[in-house]
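Worksheet: the structure to be examined is printed underneath.
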Amino acid sequence: MTKMLITGGAGFIGSNFVHYTLKNRPEYEITVIDKLTYAGNPDNLQSVLESIEFVTGDICDQKLMDELVSQTDIVVHFAAESHNDNSLRDPWPFIQTNLVGTATILEAVRKHDKRLHHISTDEVYGDLELDDSNKFTESTPYNASSPYSSTKAGSDLLVKAWVRSFGIKATLSNCSNNYGPYQHIEKFIPRQVTNILSDIQPKLYGTGEQVRDWIHVDDHNSAVHAIIDNGRLGELYLIGANGEQNNKYIVEMILELMGKDSSDYEHVNDRPGHDMRYAIDASKLRTELGWEPKYTNLREGLQATIQWYTDNTDWWQAEKAKVEASYAEKGQ
Ligand code: NAD
Ligand code: DAU
């Protein structure tokens, strides 16, 4: 058995990664470390708690990380403050977790000579114009826009520096926008689905022309495994599935799939500094590692995601009023 330490495993992508790994890669013995912030939900792992070890703790805790890293073979680092809007309200938790937390893991990995895979985002590259024929590649210069994305960019640079200066055995991946089950209802797609289920009009920031490159969370996670298996140490791989759509199109599709009038949404205040477009060129991942996405039909993927939120109202309902009250303060 290979021991795998998963940080942030009670969050959206991390918990899906735990489920994916247990189902598809039984050779891994999993420990999850998660602080259980507002975004971490132990219910996400309820059905598999007997098959993993779960540690409640902070990745900034040097003693704890030293101990956990010493006992593992590989660290897969998902833990982060992940929401742009929150980073505009209060950047400090982002600076602490995304930068100090990553540095703490790097020092433990260096001391115990362990393999690390660092999870990051396409937002480190800033944004593209709507009519730009280019997509992000691994050689696009870093140009992050928000406190969230700049701390993720900083965390990537820390990993790269530890690779170059100390020779740690690490890989990095930068993925586009994920969707699927267990995503916090502060995020775009679950917010609109749960709005409709709560008889609240969907909320579109600004004009809604902004483009995101959507990928199903299981495709993200199969790519992470491909990189862990065969990625070259020290390398960064972009992950994306050619899922570019603007926000207006997504809201209208959600309304239609939920049997509503597709124009029944409202335009609200825009996000300050709102990135216009993300788009991933995943050629390196596809050609070097032979990875292919499975969930290429966004409509079907959205339909399944809507069904998950419809079937799991207990998972999100208690949080809904609080999330909407916080958005309402900013006219969003
Ligand atoms: P999330 O907010 O749903 O989950 C983050 C998890 O990290 C939560 O369980 C939280 O409790 C935990 N956490 C936060 N601070 C911690 C700390 N100090 N110590 C230990 N645990 C802590 O986030 P997500 O959307 O699942 O994103 C996971 C990772 O993937 C992040 O690194 C994010 O930058 C990256 N990413 C996300 C997307 C996306 O579309 N959501 C796309 C690309 C990359
Ligand atoms: O690109 C990868 C990134 O995708 C990840 O690094 C982040 O962790 C993840 O949160 C996501 O960032 P975005 O800011 O793109 O995602 P969000 O779901 O917050 O918003 C998606 C788009 O929808 C964005 O253009 C803002 C818009 N939006 C969002 C909300 C919450 C709306 O129009 N209305 C909304 O209510």
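Would you mind stating whether Val251 is crowded, with 19+ Cβ neighbours inside 10 Å, among the β-branched types (Val, Ile, Thr) and under 19 Å from the mean Cα position of the chain (by Cα)?
Values: crowded, with 19+ Cβ neighbours inside 10 Å: yes; among the β-branched types (Val, Ile, Thr): yes; under 19 Å from the mean Cα position of the chain (by Cα): no.
No; evaluated as a whole, the condition is false for this residue.
If you go through the range 145-175 and keep only what is in contact with a Lys or Arg (Cβ under 7 Å, 6 or more places away or on another chain) and closer than 30 Å to Gln332 by Cα, you end up with nothing.
For the range 16-39, enumerate the residues that are over 18 Å from Met4 (Cβ atoms) and touching a strand residue (DSSP E or B) at 6+ places or on another chain (Cβ under 8 Å). If the condition is that a residue be over 18 Å from Met4 (Cβ atoms) and touching a strand residue (DSSP E or B) at 6+ places or on another chain (Cβ under 8 Å), then Lys35, Leu36 are the ones that fit. Pairing each residue of the range 159-176 that is within 12 Å of Leu233 (Cα to Cα) and away from ligand 1 (no atom under 16 Å from the Cβ) with any residue that is open to solvent by 30 Å² or more (accessible area, probe 1.4 Å) and not in a helix (DSSP H, G or I), provided the two are 6+ apart or on different chains, yields C-beta distances under 7 Å for Val163/Gly234; Lys169/Arg115; Lys169/Leu233.
Evaluate the range 262-272: report whether one residue or more is basic (Lys, Arg) and under 21 Å from the mean Cα position of the chain (by Cα).
So far as the range 262-272 goes, yes, one or more of its residues are basic (Lys, Arg) and under 21 Å from the mean Cα position of the chain (by Cα).
Closer than 19 Å to Thr7 by Cβ, within 14 Å of ligand 1 (Cβ to nearest atom), in a helix (DSSP H, G or I) and at pLDDT 95 or above: is that true of Val109 in this structure? Taking the combined requirement at face value, the residue does not satisfy it. Looking at the range 1-26, which of the residues that are more than 20 Å from Val69 (Cβ to Cβ) and free of Cβ contacts under 8 Å to residues at least 40 places away in the same chain is most open to solvent (accessible area, probe 1.4 Å)? This residue is Lys23.
Where strands (runs of 3 or more DSSP E) fall wholly inside the range 229-269, the ranges with 2 or more residues that are over 14 Å from Glu209 (Cα atoms) are 236-239.
Residues of the range 54-73 that are in contact with a helix residue (DSSP H, G or I) (Cβ under 7 Å, 6 or more places away or on another chain) and part of a strand (DSSP E or B): Phe54, Val55. A search for C-beta distances below 6 Å between a residue of the range 242-267 that is polar (S, T, N, Q) and any residue that is open to solvent by 80 Å² or more (accessible area, probe 1.4 Å) and outside any helix (DSSP H, G or I), counting only pairs 6+ apart in sequence or on different chains, returns Asn246/Glu209. Could you tell me whether the range 107-123 includes any residue that is at positive phi and more than 12 Å from ligand 2 (Cβ to nearest atom)? For the range 107-123, residues at positive phi and more than 12 Å from ligand 2 (Cβ to nearest atom): present.
Has the range 122-136 got any residue that is in contact (Cβ under 8 Å) with a residue 40 or more places away in the chain and near ligand 1 (Cβ under 9 Å from one of its atoms)? Yes.
Listed here are the residues, each with its yes/no results for (1) part of a helix (DSSP H, G or I); (2) among the polar types (S, T, N, Q).
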{"position": "Ser139", "(1), (2)": "no, yes"}
{"position": "Ala144", "(1), (2)": "no, no"}
{"position": "Tyr148", "(1), (2)": "yes, no"}
{"position": "Gly154", "(1), (2)": "yes, no"}
{"position": "Leu157", "(1), (2)": "yes, no"}
{"position": "Ser165", "(1), (2)": "yes, yes"}
{"position": "Ile185", "(1), (2)": "no, no"}
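Residues of the range 3-17 that are more than 6 Å from ligand 1 (Cβ to nearest atom) and aromatic (Phe, Trp, Tyr): Phe17 alone. Taking the criterion of being under 19 Å from Val163 (Cβ atoms), of a type outside the set (A, V, I, L, M) and touching a helix residue (DSSP H, G or I) at 6+ places or on another chain (Cβ under 9 Å), would at least one residue in the range 79-101 satisfy it? Looking through the range 79-101, at least one residue is under 19 Å from Val163 (Cβ atoms), of a type outside the set (A, V, I, L, M) and touching a helix residue (DSSP H, G or I) at 6+ places or on another chain (Cβ under 9 Å).
Scanning for something within 14 Å of ligand 1 (Cβ to nearest atom), modelled with pLDDT of 95 or more and surrounded by fewer than 18 Cβ atoms within 10 Å (Cβ to Cβ), does the range 28-36 turn up at least one residue? Yes, the range 28-36 has at least one match.
The values are calculated or read from the model by the stated rules, or taken from the named source; none is laboratory data. Since this is a predicted model, take the numbers as computed values, not measurements. Cβ atoms come from the backbone with ideal geometry, glycine included; neighbour counts cover every protein chain shown. Just the protein is used for accessible areas: all its heavy atoms, side chains included, with ligands, DNA and RNA removed. Shrake-Rupley method; radii C 1.70, N 1.55, O 1.52, S 1.80 Å.
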